[in-house]
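Derivation of every value follows stated rules applied to the coordinates shown; laboratory data play no part. Model, not experiment: these values are computed from the prediction. All Cβ positions, even for glycine, are placed from backbone atoms using ideal geometry, and neighbour counts span all protein chains on display.
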């Protein structure tokens, strides 16, 4: 399902086929790119001829992914960094820019930060670290991308359905930060370069989500939302990167229906 920001009401939200060749011989930076959705995005961008800079704190996973892409003829390199490290983030963007035409940035890094207790029971340092990971670091990255991304390029931010729901949520700090990403996108939706857009997926059909679904009680499993296919999310991210009219779009992917304008 699509939900478009009111920033650009004249934009036709219906999905169309866009020229994927614009990615060829350009550079893409993907944060949190070594595993999960990030790795799927990296592989997809590389398959269309982009050189992908994989930013992730997990050195082994990042290098393994880069090796796999290079083995199949793609182009990628690993940057070992935590997006919360402001200096390393600046360095990573500078490196990506030095590799050629930086056409796209996918701000994907995020998560609960490994916390076992959450706001208000977690210490301020702990819940603030989650805000730093999921909201402050993406804001820093977007600010850097504003001058680093080539004219006509794109930044796609990854939020979560946790940020748009009104029900209880186990990690309030995560939900709040993901809500902030949605509002950040609409707030800067008037930018023409880089174009800024956002995907808001539900429970993505990755191994961890499948395991968590399988561990639920049968009754809870029946009432759980459908898993969102990984390919549906990566396809939407690529569309937002290559669609010249995507600025300000916030796309909700709930796994229950194909994308449609709201």
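Within segment 2-253, what percent of beta bridges assigned by DSSP are antiparallel, to the nearest 5?
On the way: 3 of 32 bridges.
The antiparallel proportion sits near 10 percent.
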If packing is taken as the mean number of other Cβ atoms within 10 Å per residue, what is the order of 20-32, 58-70, 137-149, highest first?
20-32, 137-149, 58-70
With a ≥ b ≥ c taken as the square roots of the eigenvalues of the C-alpha gyration tensor of segment 2-253, please select rounded if a/c is under 1.5 and otherwise prolate if a/b is larger than b/c or oblate if it is not?
rounded
When the Cα centres of segment 104-120 and segment 139-212 are compared, how far apart do they sit, in Å?
11 Å
